[in-house]
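Quick notes on the structure that follows.
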Amino acid sequence: MSNGCQSFLDIFFQTKSGRGSLSRLSLAKPVTDTASEKLDLGHVLAVEPVTEMKVRDCLVSAPGKAILHGEHAVVHGKVALAVSLNRRTYLHLKATSDGTVCINLPNIDTFLCWNLSELKQLLPFFCGQREVGQRLDFDLLKRLRDFMGLTNGHLDTSNMATLTFLYIYMSLFGSGELPSLKVSVWSELPTGAGLGSSAAYSVCLAAALLCASGAIPAPLKEWDHTARWHQEDLELINSWAFQGEMIIHGNPSGVDNTVGTWGGMLRFLAGKIIPLSRVPLLRILLTNTKVPRSTKVLVARVEDRINKFPPIMIPVLDTVDAVSSTCEKVLTEMTREPITGEHYNTLEELIDINQHLLNVMGVGHPALDRVCRVTLAKGLHSKLTGAGGGGCGITLLRPETDSAIIQSTMQDLKDCGFDCWETSIGGPGVQQHSPFSIKEDILEILNRYGVPRVTEQEDGLTF
């Protein structure tokens, strides 16, 4: 078995090409549930009769993540504060009876199905995996990659997401009967923006599939709109979500999936992740400059600057560390005493200080400077979040900030060509929902998107 630190991409390069059994669905115009019910997928696919278990439907969501303070300094042993971002990823797991397993990802135009009879061929390799929630099995990943017919080293977003789903599904159900089901996922998070979209996806997959397999109970009661799992169940969700992050990223820190699981805020220092028990809910504007950037390049840039100017840059890192610790202290105070304007004054000053320090590190960008100027003109304070060099920025909103000011600021940012949303940080982590707690437009997407148009080809099935 390969070492867990081994890059997953290395495994891809080592595998031999093989014929896949993956059926890609070409997305046609979305159709209603009624049309979906009328489509006898099992008949069209000529699925072999397979003994299958029945699972309960499950609707879950998990938040994204933003770095409040400590970007880049955390790489050099300093404190970082990560917070949940209430732009969420939603997942609907629905039991079916057509002898297929389907994954529906409308954000990335992907709808894929497999026959249970095909997946059963993998059962001997996954037997007993359900109890393994701490480490990734690279041998099993290689078998899944061969099964999917992925023959080159580089996998796109769709391949990674699909592989993650199949790995967790087969690991949790591989010791018994395979259930026929459809998983639909819709995210409010942009991909590749450093907002934890892949972790939110992995957390949702882990929670829904663990619940469907019976490994953890469904916390939602008949009278609830939302419900959360107990501590030990969250720990299991987090361990499987971390495996998903390893599939997607190779060697993740674990911060993103931990935020997605527990929500709120966590403190990250020297590889140790400490969730903070209580934090206030803060309103923010989230702005995506849509400027692409490479985290690897930006981390190297900071490293080079530290090596070139150690007497200058080491104090900068120490100051960022102090900013993070001071912010943590203020946020803790806000949960223990009445929140005052002085609390927000301090948070705004810390945001300004950190943004200037990040520019000193060399990870700013003209687009991010523009976000800061536009918002400051309205009396609001902003900083980059994540790697910098583009990407996203956050703007703190005080409780008394007038809605007209907020709307005007958002429009100004959109006029710059940016995407902008009003949201909050510090909210709940993964939770189960009743349909009544989900916005109607999201429910509509989860329920109807990706109904297949079916044709047959000599070499398998194409949708």
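Structure notes:
Rundown of residues vs (1) under 26 Å from LEU298 (Cβ atoms); (2) of a type outside the set (Phe, Trp, Tyr), yes/no style:
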residue: THR151; (1), (2): no, yes
residue: THR162; (1), (2): no, yes
residue: LEU166; (1), (2): no, yes
residue: TYR169; (1), (2): no, no
residue: GLY174; (1), (2): no, yes
residue: PRO190; (1), (2): yes, yes
residue: LEU209; (1), (2): no, yes
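- The stretch 199-227, residues that are over 24 Å from SER180 (Cα atoms) and either without any contact (Cβ under 8 Å) to a residue 60 or more places away in the chain or surrounded by 19 or more Cβ atoms within 10 Å (Cβ to Cβ) (or both): ALA199, LYS221, GLU222, TRP223
- Given (1) closer than 27 Å to ARG278 by Cβ; (2) touching a residue at least 12 places away in the same chain (Cβ under 8 Å), index of the condition LYS329 fails: (2)
- Hey, LEU269 within 16 Å of LEU397 (Cα to Cα), out of contact with any Cys (no Cβ under 6 Å at 6 or more places or on another chain) and of a type outside the set (Val, Ile, Thr) or not: no
- Residue count for the stretch 281-296 satisfying the condition of being part of a loop (DSSP other than H, G, I, E, B) and touching a Ser or Thr at 6+ places or on another chain (Cβ under 6 Å): 1.
- Residue within the stretch 257-275 that is part of a loop (DSSP other than H, G, I, E, B), touching a residue at least 12 places away in the same chain (Cβ under 8 Å), under 19 Å from the mean Cα position of the chain (by Cα) and within 21 Å of LEU68 (Cα to Cα) present: yes
- The residues in the stretch 174-198 that are under 15 Å from the mean Cα position of the chain (by Cα) and either crowded, with 23+ Cβ neighbours inside 10 Å or not β-branched (Val, Ile, Thr) (or both) can be counted, and the count is 14.
- Considered as a group, the residues in the stretch 87-99 that are surrounded by fewer than 23 Cβ atoms within 10 Å (Cβ to Cβ) and hydroxyl-bearing (Ser, Thr, Tyr) include one that is farthest from the chain's Cα centre (by Cα), and that residue is SER97.
No value in this document is a laboratory result; all are computed from the given coordinates. Keep in mind the model is a prediction, meaning the values are calculated, not measured. Here the Cβ is made from the backbone with ideal geometry for all residues, glycine too, and neighbour counts use every protein chain on show.
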